[in-house]
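The values are calculated or read from the model by the stated rules, or taken from the named source; none is laboratory data. For clarity, every value in this text was computed on a predicted model and none was experimentally measured. Counting neighbours? That spans all protein chains shown, and the Cβs are built from the backbone with ideal geometry, glycine included. Keep in mind that these areas ignore ligands, DNA and RNA; they rest on the heavy atoms of the full protein, side chains included. Shrake-Rupley method; radii C 1.70, N 1.55, O 1.52, S 1.80 Å.
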Amino acid sequence: MPTDVRGKWALVTGASRGLGKQAALFMAKQGCNLILHSRNASHTESVLAEVKNLGVSAYAVAADLLDLASVHAMLKEIDDNGTQVDIVLNNAGVQIAYRVDYLKTPIQDFTDSFVINTISPMVICYHYLPKMVERGFGRIVNTTSGINLDPQQAGYSASKAALDKVTVDLGTKLQGTDVLLNLADPGWCRTDLGGPNAPNAPESVIPGILMGVFVNDKKSGRIFSAQEYAGMSLDDAVKKAEQVNSPY
């Protein structure tokens, strides 16, 4: 059966809109308390009101994921608030640009993409994993991308490939425990990042993007493709997700 998240605390990065907002609202409906991240706390005001109306505790934090000092300051703020973070949804990410002349891709596409899409999520992982291991429970879901064969988006795709690699490798140290580290691929969705021509509505990622939270089988290192679970109940989706084998 799905992991019971009632009364637990989840940090959701990029929670102000798009997939992060969808994930935050679903988690709140399951009774999970929320820390909502965005670059500016004012961006999450409406989502904060919505989740509170669902009866959970919640507050907003701000950090620019391109600025690692800002990320560390955010983590310190959460610690200083005394919040025990049980679940992390590293949802925030950036697609820097689409380079038609891809052989002239600027180096900054790579450096900025790696800081936002790879390094900042891993800083957050490294901050919370020791505490989760000590308590014997935790869930971290890193959002990846199925982008492939598209050199026009080289910085973005390379940074997501790197996130996949470090997530899968780190998962070997957690396999068999109740601290789970997995990946979620939402598919191409009509968000600010995905653009208006994407085939999937943002709502289609629920519940699949959250399988790494709700599976209860002590397996890490997997990629859950959200579109494979679109329209399913949480119970049925978890049963299907637990058939996805760990790579180890």
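The C-beta contact set for the stretch 168-180 (first residue within 13 Å of Tyr126 (Cβ to Cβ) and open to solvent by 50 Å² or more (accessible area, probe 1.4 Å), second residue modelled with pLDDT of 95 or more and in a strand (DSSP E or B), distance under 9 angstrom, 6+ apart or interchain) comprises Lys173/Leu181. Restricting to the stretch 194-248, give me the number of residues that are crowded, with 21+ Cβ neighbours inside 10 Å, touching a Lys or Arg at 6+ places or on another chain (Cβ under 9 Å), small (Gly, Ala, Ser) and not in a helix (DSSP H, G or I). Number of matching residues: 1. For the stretch 137-167, residues that are open to solvent by less than 40 Å² (accessible area, probe 1.4 Å) and assigned to a loop (DSSP other than H, G, I, E, B) total 4. Exactly one residue out of Val5, Val61 is touching a residue at least 12 places away in the same chain (Cβ under 8 Å) and in a loop (DSSP other than H, G, I, E, B), and it is Val5.
Going by what's in this entry, would Val61 be described as closer than 16 Å to Ile87 by Cα and more than 18 Å from the chain's Cα centre (by Cα)? Considered against the rule, which asks whether it is closer than 16 Å to Ile87 by Cα and more than 18 Å from the chain's Cα centre (by Cα), Val61 comes out as no. Of all the criteria given as (1) open to solvent by 30 Å² or more (accessible area, probe 1.4 Å); (2) of a type outside the set (A, V, I, L, M, F, W, C); (3) at pLDDT 95 or above, the one not satisfied by Thr3 is (1). Would it be correct to say that Ser225 is touching a residue at least 12 places away in the same chain (Cβ under 8 Å), of a type in the set (Ser, Thr, Tyr) and farther than 19 Å from Val166 by Cα? When the stated conditions are applied, Ser225 does not pass them.
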